[in-house]
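Student: The structure under discussion is supplied below as structure tokens; questions concerning it will follow.
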Amino acid sequence: MTSLQKTVAAYGSWKSPIVASDVAKEALRLESVRVDVTGQGKEGVVYWTELRPWEGGAIRVCSRDMSHHDGSDDHPTQWTHGDYNARTRVHEYGGSGSFIHAGVVYFSNFKDQRLYKQTAHDVEPVALSPAEGGWRFADYHSIAGKKFIVAVGENHGIVTAGKAKEPENVVLSLDVESGDQHLLVRGSDFYSSPRLSPDGKQLAWIEWKHPNMPWDDTELWIAQITDDGRALVADSRLKIAGGEGINVIQPSWSPSGDLFFISDSASSDPFWSLYRADVTGNGKHHKVLGEHGHEIGLPGWQFNYSSYAINPQNSKEIAVAFKGGLHTLNTDTGKLTTIPTEFISHSHVVYSSDGHIFTVSMGPTVFQSILRINPTTHVVQVVRPSRKPLVDAEYISVGKHIKFETSDNEVAHAIYYPAKSKEFCGPEGRKPPLIVRVHGGPTASASVSLNVEYQFYTTRGIAVVDLNYRGSTGYGRAYRDRLKKNWGLCDVEDAVHGALHLSKAGEVDGDRLAISGGSAGGYTVLAALTFKDVFKAGCSRYGVSDLGALATDTHKFESRYLDLLIGEYPKEKSVYDERSPINCVEKLSAPVIFFQGDEDKIVPPSQSELMFNALKSKGILTSYVLFPGEQHGFRKLENVVAAVEGELYFYGRVMGFTPADTFEKVPHIVNQ
């Protein structure tokens, strides 16, 4: 069918082969790829975790024996079952809730946050940590020959004068047989990435203090550790890098004992780059392994992101993910070799003992998958796809990087997805509606990786632009820091200018602009609708409406985050008040739909309820959907479906189009 034979239909009303349940199924999230670094487990076995919405959002530990894998899409071996959900709540966002040591799986169970040990996939796990005490664990590491695991611990059992205090974060060791805990490092506000040297004599870790976040000022330390792992050697602590305006992340030891890390101190406009450490402690001879003008690394919202890995067979070879691909780097010559794949985004990079690279990877036309890559032959094998292809490639709208002028004579970035269908086209002289999507964080980023939810809209004749406003990662520290003291300003301006840029370019209908986002992105949505008069509708998923309430009612990890984004609270309370949409509802006249989890501890339901009630009292079209049993983000299949369908239905009501879909359930809309 040529473009001349396509059926003409109103934008937003095109019939799409992608349905809301397809979007929900995409939430099968693959993470935490592991291989058994001890050498005592079964060779050729790779482990990972899967977040499964059809199982209530449970995270399952899975594995596959690559020595017998023929490339077919058969079911992997599943370790955790039933009520065992391998999800840690350290920092609330978790990540790295499981670990493999000598063929045994260790994991944090979401329900009780206890550490469990499982010796085989078909046996019952055994609890190692006590039921009492309030401890949580994450970011595990060990090496061959050791009977202990190092980890980040978070103690929620601290009570003074009958009131719970802020939890204490530490680095500790855990006996693999008894589960006994031994404190190694304490005193800073936060820790991550405890990593043992290959000879087991040294421990490296990252630490930072309020108000910094893990992408701000952090420090890399090392110390000698006793053979039994129960303590650090006295007076052996040594600061290696970081602090004073420098960020350090992702430390890793090579088999030869060199220490590597990622830092943003390489130039006047620094990007996260890879370094070999000078471990003398004077910090004058860290060697940057190529300034490529692109970020190597991701913001540490969760534990155990790995943007590079060192070949255990050859310490001079490092696999590095950046610049839309995966590469191998020779640390002596600096030669960079690109491994060609159809995937452009790679994370959780690890090497197996036989020299293969494993990654969690995504691409613009392929779904998230776990890959096994031969760095010599460049043969790529899919270990586990998150799903099978949904539609013909002619339906897929591939994201295009765009940049545009914004406020203060600066430039912002985004990824644009035009409306596209194999069967339909819009009426002559008309342009599609646009949804501006705002990522959470706000320190995060959007990529061109295949996103079913965006295709859900583009195949219906609705364009999407995924905003990388000033403050997003991927464009260097100066761009990332631009949001400091400017949250609610730069992001809002960039959302407005991005939408107007596409309207002026003739890509979209300037009278039908919508904005959508979750969490911090939800705040940008509400701020843009309150303080600007550009968007005709909005969708807030667990978004912030009252910055002061967020500053005083959130968890430890983010409790001082706003000091950097807005200002110290309550010292600068007036700024919080000025930028809080709830305080300026008289300026809001655009319809908004809200989706919220009733167990959200990061952005409590009161944040959405306040704004919804204000809109309702003004007589503005609005809707509020509360999902029981959901936290910060929706994991249950039926809730993801309800949110996707509800958002589309709401846009149709506001912008005057009728979706071709038949909805099983539509949100209750107030002030119809």
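Read-outs throughout are calculated quantities, based only on the coordinates presented, and are distinct from any laboratory measurement. Bear in mind the structure is a predicted one, so any value in this text is a computation, not a measurement. All Cβ positions, glycine included, derive from the backbone under ideal geometry; neighbour counts span all protein chains shown.
Student: What do you get for trypsin sites (Lys or Arg not before Pro) in the stretch 591-672 restricted to DSSP loop and a cutoff of at most 14 other Cβ within 10 Å of the site's Cβ?
Tutor: Working: sites: Lys601, Lys616, Lys618, Arg635, Lys636, Arg653, Lys665; in loops: Lys601, Arg635, Lys636, Lys665.
Passing both the DSSP loop test and the Cβ count: Lys601, Lys665.
Student: Also, quick follow-up: Order by neighbour count: Tyr140, Tyr275, Tyr93, fewest other Cβ atoms within 10 Å first, most last. Numbers along the way, then the final one.
Tutor: On the way: Tyr140 25, Tyr275 21, Tyr93 18.
By the 10 Å Cβ count, ascending: Tyr93, Tyr275, Tyr140.
Student: Quick one: putting +1 on the C-beta of Lys and Arg, -1 on the C-beta of Asp and Glu, what dipole do you get for the chain around its Cα centre, in Debye to the nearest 20? Kindly include the intermediate steps, with their values, before the conclusion.
Tutor: Working: 68 positive and 80 negative charges, 143 e Å.
Around 680 debye, computed over the chain.
Student: Within a 10 angstrom radius of the beta carbon, how do Ser263, Ser129, Ser315 rank from fewest other beta carbons to most?
Tutor: Numbers: Ser263 25, Ser129 22, Ser315 18.
Fewest-to-most ranking of Ser263, Ser129, Ser315: Ser315, Ser129, Ser263.
Student: May I ask you to derive the relative contact order of the chain, considering only C-alpha pairs under 8 Å and at least 6 residues apart, and to give it as an integer percent? Working shown, then result.
Tutor: Details: 1717 pairs, mean separation 75.2, N = 672.
Taking the mean separation of contacting Cα pairs over the length of the chain, I get 11 percent.
Student: Right, next: So how far, in whole Å, is the C-alpha centre of the stretch 376-435 from the one of the stretch 343-372?
Tutor: The distance from the Cα centre of the stretch 376-435 to that of the stretch 343-372 comes to 21 Å.
Student: Just to confirm my numbers, what's the Cα centroid distance between the stretch 79-115 and the stretch 117-141 in Å?
Tutor: 7 Å
Student: Fully extended, how many nm does the chain gain between Lys239 and Glu405 (0.36 nm per residue separation, minus their Cα-Cα distance)?
Tutor: Values: separation 166, 0.36 × 166 = 59.76 nm, distance 4.16 nm.
Difference between extended and current length: 55.6 nm.
Student: Taking the alpha-carbon centroid of each part, what is the distance from the stretch 438-454 to the stretch 540-574 in angstrom?
Tutor: About 22 Å separates the Cα centre of the stretch 438-454 from the one of the stretch 540-574.
Student: Moving on. So for Lys117, Lys388, fewest C-beta neighbours within 10 Å to most, what's the order?
Tutor: Working: Lys117 18, Lys388 8.
Placing the least packed residue first, the sequence is Lys388, Lys117.
Student: Taking a threshold of 26 Å on the Cα-Cα distance, which of the pairs Lys573/Lys601; Lys485/Lys556; Lys485/Lys601; Lys504/Lys573; Lys165/Lys209 fall above it? Let's see the in-between values first.
Tutor: Working: Lys573/Lys601 22 Å; Lys485/Lys556 20 Å; Lys485/Lys601 24 Å; Lys504/Lys573 38 Å; Lys165/Lys209 17 Å.
Going by Cα-Cα distance, Lys504/Lys573 fall outside the 26 Å limit.
Student: Rounded if a/c is under 1.5, else prolate if a/b beats b/c, else oblate: with a ≥ b ≥ c from the C-alpha gyration tensor eigenvalues square-rooted, which is the stretch 572-672?
Tutor: oblate
Student: Let me ask something additional. Would you work out if the stretch 112-270 is rounded, prolate or oblate? Take a ≥ b ≥ c from the square roots of the eigenvalues of the alpha-carbon gyration tensor; rounded if a/c is under 1.5, else prolate when a/b is larger than b/c, oblate otherwise. Walk me through the intermediate numbers first.
Tutor: Details: a/c = 1.91, a/b = 1.27, b/c = 1.50.
Oblate, since a/c reaches 1.5 and b/c is not below a/b.
Student: Considering the values (1) -0.38, -0.62, -1.07; (2) -0.23, -0.45, -1.17; (3) -0.36, -0.56, -1.13, which represents log10 I(q)/I(0) by the Debye sum over Cα atoms at q = 0.05, 0.07, 0.11 Å⁻¹ as calculated for the structure under consideration?
Tutor: The value computed from this structure is option (2).
Student: Could I ask something else about it? Please say if the stretch 614-672 is rounded, prolate or oblate, where rounded means a/c under 1.5 for a ≥ b ≥ c the square roots of the C-alpha gyration tensor eigenvalues, and otherwise the choice is prolate for a/b larger than b/c and oblate otherwise?
Tutor: Details: a/c = 2.62, a/b = 1.21, b/c = 2.17.
It is oblate, given that a/c is not under 1.5 and a/b is not larger than b/c.
Student: Below 11 angstrom from the Cβ of Gly94, what's the summed charge of the other residues (Lys, Arg +1; Asp, Glu -1)? Could the numbers behind the result be given before it?
Tutor: On the way: positive: Arg87, Arg89, Arg136; negative: Glu31, Glu92, Asp139, Glu154.
That works out to -1.
Student: Just going by the charge dipole of the chain, with Lys and Arg at +1 and Asp and Glu at -1 on Cβ, which of Ser307, Ala144, Gly179 is farthest out on the positive end?
Tutor: Ser307
Student: If the reach is capped at under 16 angstrom between alpha carbons, list the lysines near Lys201, excluding any in the same chain fewer than eight residues apart.
Tutor: Lys146, Lys147
Student: Another one. Quickly work out the Asp83-to-Asp199 label distance, labels modelled 7 Å from Cα along the C-beta direction, and quote it in nm with one decimal.
Tutor: 4.7 nm
Student: Loop only per DSSP, at most 12 neighbouring Cβ atoms within 10 Å: give me the GluC sites (Glu not before Pro) in the stretch 300-402, ordered by residue number.
Tutor: Glu342
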